[in-house]
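To start, the structure under review is shown below, and the notes come after it.
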Amino acid sequence: MKHLDSGELRRMIDEPQAFGDQERLHAQTCAECRARGALIASDAAYAAQAFAGEISVDVRAGYTRLRERLSPPSRAVRWYPAASAAALAAAFALALVFSPLGGYARSFLTIFEPEQFQPIEVSRADLRQLRLAPEANHIGTQRVIDKPKRTEYPTLASAQKHTSIHVLAPSALPAHFGTVHSFFVTSPAEMTFTFSAAKARAFERRSHKTLPPMPQGLDGTTVRLQTGRIFNAHYEAAHAKGSGRPPFFELVEAPVPRVTSTGASLEILERYLLSMPNVSPKLAEQIRALGDIQNTVPVPVEIDKQRARRVTVQGAQGLAVGDNTGLGAGVMWQKNGIIYAVAGPISMDDVLTVANGLR
């Protein structure tokens, strides 16, 4: 019989009775499956030990520690992932660029000029399924031509000198905001992704999984992503003594990215990627139903956690995700060739006040 995949081996640890005698015998006698199963069991035991006992979760404190680890000293430069329209949306949609599809989701379009953002419903099952192979490097080769660099600047005026767009700043802030702020500019980036039928077939042989046949017109096609200078500002409320992490929000402003193809059309790219085995039929149907995906960014929204609605921001149509609980909300829109996003663990009312107050 065929080898068991990682998900099956992991489940066999927790629910061995869910498998038949043949599968359990194979897991015990197959050298390859036994070796992979041992590694998975070791990881599971480590995780169980790590999570043993009572757990107290402080999300804001965790974010603070993460930010301290990732953020450079003032004026320092660090590598920063290139941001497409979808990546900008991820600043607040949490699951916007989902993995592994997110690895090549930015290659959906032959010419990408986002004008609107459309929510699509995703379930936890959809997200779990999307984490399964294949990943981008299993069906092609990604090459970074210009790696983006992110630089922090002490003032808004100094950041403005290093970007080609007119940077907007909030004229209205939520209560107690404005005492802490940081400004960043990410340099232009360029990367390519070349589809390869040979790599896809090699992945099938290694994984014993079946992928959809790669169309002849897609094999060898190179999709190129180019981004301009991206501005990002971080605003925090005043820190009350003895309290946890204060509320904050992020502001992102970026010119629309440019995505081009050397061969395959938009229809071929969309048809192939949506036929991947890790894309649920319901999710694929929603994306196909968008119609003009060349000008529409699909924004995944977890149906049991998030709410999405259309709003008018700065005189343009935008998409808001979240509510007034303060756990997290954001809005994004496109106007005059610039993509804007405001998001953070604040209420939707505060997010919209900031967005409409940009000047």
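The values are calculated or read from the model by the stated rules, or taken from the named source; none is laboratory data. All of these numbers come straight from a predicted model, not from anything done at the bench. Cβ atoms come from the backbone with ideal geometry, glycine included; neighbour counts cover every protein chain shown.
Below are the figures for this structure:
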item	result
Which numbered condition N232 misses (of (1) assigned to a loop (DSSP other than H, G, I, E, B); (2) among the polar types (S, T, N, Q); (3) over 28 Å from Q129 (Cα atoms))	(1)
Tabulated pairs, segment 329-340, first without any contact (Cβ under 8 Å) to a residue 24 or more places away in the chain, second part of a strand (DSSP E or B) and among the aliphatic types (A, V, I, L, M), C-beta under 9 angstrom, 6+ apart or interchain	K335/V313; K335/A316; N336/A316
Members of segment 318-347 that are surrounded by fewer than 21 Cβ atoms within 10 Å (Cβ to Cβ), at pLDDT 90 or above and more than 25 Å from S164 (Cβ to Cβ)	S347
Unique residue being buried (at least 19 other Cβ atoms within 10 Å of the Cβ), in the same structural domain as T260 (by TED's automatic domain parsing) and outside any loop (DSSP other than H, G, I, E, B) when the list is H181, H138	H138
Test: residue in segment 351-358 that is over 30 Å from P213 (Cα atoms) and assigned to a strand (DSSP E or B)	yes
Wholly within segment 267-331, strands (runs of 3 or more DSSP E) carrying at least 3 residues that are over 24 Å from R131 (Cβ atoms)	308-313, 316-322
Qualifying residues in segment 332-350 (those that are small (G, A, S) and assigned to a strand (DSSP E or B)) - the one nearest to R258 (Cα to Cα)	A341
Every pair of residues 6+ apart whose Cβ atoms lie under 6 Å, when the first sits in segment 302-323 and is of a type in the set (S, T, N, Q) while the second is not in a loop (DSSP other than H, G, I, E, B)	Q306/V321; Q314/K335
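Okay, residues lined up against (1) in contact with a Phe, Trp or Tyr (Cβ under 7 Å, 6 or more places away or on another chain); (2) in a strand (DSSP E or B):
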{"residue": "V185", "(1), (2)": "yes, yes"}
{"residue": "M191", "(1), (2)": "no, yes"}
{"residue": "F203", "(1), (2)": "no, no"}
{"residue": "M214", "(1), (2)": "yes, no"}
